[in-house]
Amino acid sequence: MPLIVEYQALLDQLAEAAAPALTQMPVEAGREMFRVAQPERPDIEVKSVENRTIEGRNGSIPIRIYSPTGSGPFPVTMMFHGGGWVIGDLMTVDAQSRQVCNQVGCVVVAVDYRLAPEHRFPAATEDCFDATAWVHANSSAINADPNRLAVSGDSAGGNLAAVVAQMARDEAGPPLVFQLLVYPVTNGHVFETASYRENAEGYMLTAEAMHWFWDHYADSNDRTHPYASPLLSKELSNLPAAYVQVAEFDPLRDEGLQYAEALANAGVSVRSTCYDGFIHGFFSHFDTIPPTRVAMDDACIALREAFNS
């Protein structure tokens, strides 16, 4: 299927603008560019938004808590932002956090984990796991139900959600009921899938950018660790049910589908959707690229079903 027309128009505009590639920018400039592209959306109103700082094993972790209308206690979804572990923050994940909060009727806790290259692997994984453990232990303080706790994220955030699920199993962490993995990064060891070859450039996220992200995030000898590349785990059983969403025109398409298949082969309840005509980033485009709203709807339905089962 060809690109949906809205994405083709967007990519044509970007090509005409001839802006420098992320890989040609200083890291801080890339972070600011990402903030401009994914601004906060206070117009998507929720009952309350609270910024807090909690303590993890390595120090303070900023989080942002979104609460829905109602009396609770509510189910709770951890939200780990994308950006290749290098860019992104609470601002860039604000819109999708608000939307999930409202559409699912759950508390959403976004995590401002430490970024590379200042803080390389496993800093981000440790912060996300520690924040998840804090939410479970302090659920009453945020009007949340500790028995209905899910992890979610897109791109690098999907990687972190998958990793936190593995860590929770391996380290007797908080019990999780679901993992929502949106075009997740699952393998930093192999960049030769068909989707990497077919979508290496021209569709916003490039193969070059993925190499750039990985080079900033993890040393070569760390990339085969399952907490960096969850697809490479030798044990994927006893993980929470999962929903994996990927885009047709995305270098990460195949490794996301491979992870879904590996989970299923390990006996995990999992389903996956490949959205034809979409590119990487669609989860944050639900309100600006109308055809992508279906993916947000599907994700929220999956979360509601997990919380109500």
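The values are calculated or read from the model by the stated rules, or taken from the named source; none is laboratory data. What you are looking at is a predicted structure, and each value in this text was computed from that prediction instead of being measured. With ideal geometry, Cβ positions are generated from the backbone for all residues, glycine too; neighbour counts draw on all protein chains shown. Please note that ligands, DNA and RNA were not included when accessible areas were found on the heavy atoms of the full protein model with its side chains. Shrake-Rupley method; radii C 1.70, N 1.55, O 1.52, S 1.80 Å.
Quick rundown of the values:
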quantity: Qualifying residue in region 46-61 (condition: assigned to a loop (DSSP other than H, G, I, E, B), at pLDDT 95 or above and closer than 24 Å to ASN102 by Cβ); calculated: yes
quantity: Failed item, numbered, when THR125 is tested on (1) assigned to a helix (DSSP H, G or I); (2) open to solvent by 10 Å² or more (accessible area, probe 1.4 Å); calculated: (2)
quantity: Test: residue in region 163-184 that is touching a Cys at 6+ places or on another chain (Cβ under 8 Å), within 19 Å of GLU261 (Cβ to Cβ) and of a type outside the set (Ser, Thr, Tyr); calculated: yes
quantity: Every pair of residues 6+ apart whose Cβ atoms lie under 9 Å, when the first sits in region 10-31 and is hydroxyl-bearing (Ser, Thr, Tyr) while the second is at pLDDT 95 or above and open to solvent by 40 Å² or more (accessible area, probe 1.4 Å); calculated: THR23/GLU208; THR23/HIS211
quantity: Qualifying positions in region 287-309 - open to solvent by less than 10 Å² (accessible area, probe 1.4 Å) and out of contact with any Cys (no Cβ under 8 Å at 6 or more places or on another chain); calculated: THR292, ALA295, MET296, ALA299, CYS300, ALA302
quantity: Positions within region 229-265 being in contact with a helix residue (DSSP H, G or I) (Cβ under 7 Å, 6 or more places away or on another chain), charged (D, E, K, R) and open to solvent by 20 Å² or more (accessible area, probe 1.4 Å), in sequence order; calculated: ARG253, ASP254
quantity: Cβ pairs under 9 Å, 6+ apart, first in region 113-125 and within 12 Å of ASP215 (Cβ to Cβ), second of a type in the set (D, E, K, R) and buried (at least 17 other Cβ atoms within 10 Å of the Cβ); calculated: PHE121/ARG223
quantity: Test: PRO226 is open to solvent by less than 20 Å² (accessible area, probe 1.4 Å), modelled with pLDDT of 95 or more and on the phi < 0 side of the Ramachandran plot; calculated: no
quantity: Region 20-57, residues that are open to solvent by less than 70 Å² (accessible area, probe 1.4 Å) and either among the aliphatic types (A, V, I, L, M) or in contact with a strand residue (DSSP E or B) (Cβ under 8 Å, 6 or more places away or on another chain) (or both); calculated: ALA21, LEU22, MET25, VAL27, ALA29, ILE44, VAL46, SER48, VAL49, ARG52, ILE54
quantity: Residue selected from region 71-87 under the condition among the small types (Gly, Ala, Ser) and open to solvent by 20 Å² or more (accessible area, probe 1.4 Å), by the criterion farthest from THR23 (Cα to Cα); calculated: SER71
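Rundown of residues vs (1) among the charged types (D, E, K, R); (2) out of contact with any Asp or Glu (no Cβ under 7 Å at 6 or more places or on another chain), yes/no style:
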{"residue": "ALA165", "(1), (2)": "no, yes"}
{"residue": "PRO174", "(1), (2)": "no, yes"}
{"residue": "GLU198", "(1), (2)": "yes, yes"}
{"residue": "LEU205", "(1), (2)": "no, no"}
{"residue": "HIS211", "(1), (2)": "no, yes"}
{"residue": "ASN221", "(1), (2)": "no, yes"}
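Let's see how each residue does on (1) small (Gly, Ala, Ser); (2) surrounded by fewer than 22 Cβ atoms within 10 Å (Cβ to Cβ); (3) outside any helix (DSSP H, G or I):
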{"residue": "THR69", "(1), (2), (3)": "no, yes, yes"}
{"residue": "ASP89", "(1), (2), (3)": "no, yes, yes"}
{"residue": "VAL100", "(1), (2), (3)": "no, no, no"}
{"residue": "ALA110", "(1), (2), (3)": "yes, no, yes"}
{"residue": "LEU115", "(1), (2), (3)": "no, no, yes"}
{"residue": "ALA141", "(1), (2), (3)": "yes, yes, no"}
{"residue": "LEU149", "(1), (2), (3)": "no, no, yes"}
{"residue": "ALA162", "(1), (2), (3)": "yes, no, no"}
{"residue": "ARG169", "(1), (2), (3)": "no, yes, no"}
